[in-house]
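Okay, structure first, notes after.
The values are calculated or read from the model by the stated rules, or taken from the named source; none is laboratory data. This one's a predicted model, so the numbers in the text were calculated from it and none came from an experiment. All Cβ positions, glycine included, derive from the backbone under ideal geometry; neighbour counts span all protein chains shown.
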Amino acid sequence: MSDSSSLDYEPGVLRVLQTKSETKAFYDKIAKVYDLLAEHSERPMREAGLRLLAAAPGEHVLEIGFGTGHILAELADAVGPSGKVFGIDISENMLAHAKELLGGKGLLDRVSLDCGDAERLPYGDESMDGIFMCFILELFDTPDIPKVLAECKRVLRPGGRIVVVAVSKEGKDGFIVHAFEWTHRHFPNLMDCRPIYARRALEAMGFVIEGSLTESMWVPVEIVGAMKPGS
């Protein structure tokens, strides 16, 4: 965890208390049961995010934190045989499950997967048309969020799109959010993420916001679409 203070555009956002190695171990451990824990509740949020991204045939699209691979499969269908989907995830077990899912759908030839850290993306400058992150950015410590978004900006072509779906501090600051944050503060091994301000973080990195909404899962969720300036 970095020892620098919270950033100006994230007032009141809690710090991440787990190390990356602890996060990796956690997701390696739950990979087999992740869909049972999260698929039902997360699906509507990711579908709204995918509509905002609007991946098109022939595009190169990156998913950061692909988990068990459901979004990768939808992106691979969207870009078609002339496109390419790239994915990076910190968990080797998640990667194994994603490969199995994609293989079962006959989509492995359209997808390239890496196990690694989003703060150091293994892709060339201006190599992507789009980037998708769903319930991932809030796993990074506050000072690390701009590092991840800077890498996203680097690999996006001018005019490229990014969509972030994240548990949010926007909206009504009610009991559920307070309970979420209390659990994160006291039991970070059970609640490894916390609410953030996704739109503010993207704006602070110079992305142009193209669409933004706050939905409700059991906590507020921001779904934000933005563009890298340029043509």
*State which residue pairs qualify: first residue closer than 22 Å to Ile162 by Cα and surrounded by 15 or more Cβ atoms within 10 Å (Cβ to Cβ) and inside segment 34-57, second residue at pLDDT below 90 and among the aliphatic types (A, V, I, L, M) in any location, beta carbons under 9 Å apart, and separation of 6 or more residues or different chains.*
Glu42/Met217; Met45/Met217
_For the structure I just gave you, tell me whether Glu126 is modelled with pLDDT of 95 or more and either under 16 Å from the mean Cα position of the chain (by Cα) or among the aromatic types (Phe, Trp, Tyr) (or both)._
no
*Under 6 Å by Cβ, and 6 or more places apart or on different chains, what pairs join a residue from segment 59-72 that is at positive phi and surrounded by fewer than 24 Cβ atoms within 10 Å (Cβ to Cβ) with one that is in a strand (DSSP E or B) and modelled with pLDDT of 95 or more?*
Gly65/Asp89
*Applying the selection to segment 185-209, what residues are at pLDDT below 75 and either in a loop (DSSP other than H, G, I, E, B) or within 15 Å of the chain's Cα centre (by Cα) (or both)?*
Phe187, Pro188, Asn189, Leu190, Met191, Asp192
